[in-house]
Amino acid sequence: MNPSIRHDVLIAVHPFEFLSNVDGIETIGRCLQLELITGLSKFRQFTLSYSAGRPPDHTRPAYVVRGSVAAQNQAFKITIQIIDERETLIWAHHLGMAHHIIDQQAVDALISSIQQQLNLDLLNRRNKVGHSSPGAYEHWLYGMHELKRGTAEADAAAREHFTRSMACDPSLSLAYSGMSLSYFNEWSCQLWEQWDLNHKGAYEWARKAFDLDQQNGVAALVLGRIHVYESQYEKGEYFLREALRLNPTDADNLMQIATCFVFMGYLDEAQNLYDRGVALNPIGADQYYHIASFIALERGDDDLAIALGLKSTLPWVDFRAMMAAAYFFKGHVEEMHRWWKLYAEEFRLKINKGIAASPEESLQWLINISPYRTSCRQKLFWESILNKSTSLQPRVFARAIKSAEVNSFAAEGRLWKLAYQGTTVFLPESKGLKDLARLIAAPAQAFHCVELLGTRMTQEGTHVFDESARRAYHKRIKELRQELSDAQENNDIAVLPSLQEEYETIVAHVTAAIDRKGRVRKISDSQDKARSAVTWRIRNAIQKINEVHPVLGKHLSATVRTGFYCSYVPDTPQHWSTV
């Protein structure tokens, strides 16, 4: 690793200077120094030093935080300065504090302000002459700055920075969190045709970030958001509250947690987190107005939702639909329609790749990106747009695209592209889709269920597995029960899903292979199991297709036969591309 590249940001927090000789002044100064070191250390990109000396060269650029305490009437006047390695003052701040009392709220706001100012200074250096070798954290900052643009192109640019950040320092957990966020944006909002790739990328990178540094509040936040969007609310809440515990002074994190809490129905707590975030970062409050408007709308304060929404400078794509809902509840029909049209146009340009969408398609996208746990106040507005009742379920992570393509049923990477009668959809890979592709490629040909299942038939009467394998299975089941019990007792929510999945898979396999008298079944007994398994996965795949492409779903339901032998038998010849 090149020692000339800085991997994090070293901050030397100097002891405070005492400008008055009064009782308690030294205690206040020492306490403030320790509070700053403790609070800034929660931002995992910073390395804190007590040293008053100049940091070593290989950590440049570094910063020095220094301050003074002076008695003023019945209080202390405190001055804080941030100095960079060029001895340039980049920020200064004054605050007052009562004698012998540490105002924790004021200290938290100070910590947040220092973090925000350091980020701003590092971002400003990007365009300065002579700054040609940004370090790991700076690349992370650049990537996060790109993510705020909210486009697929910006997400790609952000990933380049996160990759460079990891190259500078493979141990920087924040870089992995950033990579996860780039995929999360596309998974939850943008590239529906790459649902599987982006969902997997979001989760795996977040998991790596948290495994690298379990004190990383950003990594915990991202994992929490992912679980909420998957409707795994208990897991989501665990990680969100963990993020809050790990760093209660990160204003940006607080705002993201507040948004998730709205979806989970914790409206009062969401409001409190928002207020706290603004108190921590009052200068950046204009970046958060759209979140405040969202909270106000769901709490039923439509006037406030509108007032804050009109001040917003960084709105989400769906924010315009939220504004339309606020005007709907106020009875301002003209404004409601105006904002809905603005949303429809934004959706067409940024989400639907320039293709005009029907109200149903636009609304389905809103449902997809709104993981409400129970109820949703906007639902009444959505029903008025469609003039019929609607539901928050299902949240279908696939998007139909009108096209003039020929019929297609083929894999593209880990997604499947299904085109039929001018409409194309993309779905995540599944065994049922593979079965259907094989049937469609050979119309009227019958395939035995065991052949589709991929199980190689042996001689009649051969057991599914021998006694040695049986003992091994039972031993592993016993071990997994103990591991599950330990994980539940220790509230180790991170490993519970994988343990439960392995346990259920083994139990299902052994159960299917054992008859009612406890004897291992023979292969001949397994043919009915194969028939059931293949039938289920084919019908399940057709059901998922029907949710996003009803015309194709109806066609397959009528033409695909299942049983011991499966086939695709259309009434009229169909021309398919299955490659």
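What follows draws every value from the coordinates through simple rules; no lab data is involved. Everything numeric in this text was worked out from a predicted model, so none of it was measured. Positions of Cβ are backbone-derived with ideal geometry, glycine not excepted, and every protein chain shown enters the neighbour counts.
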Q | Expected-Rg normalisation [2.2 N^0.38 Å, Cα atoms] applied to segment 9-127 | A | 1.06
Q) Given R₀ = 41 Å, FRET efficiency for E26-R86 by Cβ-Cβ distance, to 0.05? A) 0.85
Q | Spin-label model distance (nm) - E345 vs Q105, 7 Å beyond Cα toward Cβ | A | 4.3
Q. Hey, what did segment 136-386 get for relative contact order, percent, Cα under 8 Å, at least 6 apart?
A. 13
Q) What net charge do the residues around G432 carry, taking every other residue with its C-beta under 14 Å from that of G432, with Lys and Arg at +1 and Asp and Glu at -1? A) +3
Q | Packing-based exposure ordering (other Cβ within 10 Å, fewest first) of H337, H549 | A | H337, H549
Q. Summing Lys, Arg as +1 and Asp, Glu as -1, what charge do residues with Cβ under 13 Å from the Cβ of F16 carry, F16 excluded?
A. 0
Q: Please give the FRET efficiency for E360 paired with F564, using the beta carbon to beta carbon distance and R0 = 30 Å, rounded to the nearest 0.05.
A: 0.15
Q. For R470 and T313, what does the FRET efficiency come to when R0 = 45 Å and r is the distance between their Cβ atoms, rounded to the nearest 0.05?
A. 0.10
Q. If we count other beta carbons within 10 Å of each Cβ, what is the order of C31, C566, fewest first?
A. C31, C566
Q: Against the globular-protein guess of 2.2 N^0.38 Å, express the Cα radius of gyration of segment 136-386 as a ratio, rounded to two decimals.
A: 0.99
(Q) Please compute the length gained on full extension between E335 and Q482, using 0.36 nm multiplied by the number of residues separating them and subtracting their Cα-Cα distance. (A) 46.9 nm
Q) Among T562, T374, which comes first, then next, by fewest other beta-carbon atoms within 10 Å? A) T374, T562
Q.
Full-extension gain between K388 and Q74, please, as 0.36 nm times their residue separation minus the C-alpha to C-alpha distance.
A. 106.5 nm
Q) Which entries of K417/K554; K330/K350; K350/K434; K208/K353; K341/K417; K208/K235 show an alpha-carbon separation above 20 angstrom in the structure shown? A) K330/K350; K350/K434; K208/K353; K341/K417
(Q) Under a crude label model (7 Å from the Cα following the beta-carbon direction), how far is T578 from L34 in nanometres? (A) 7.3
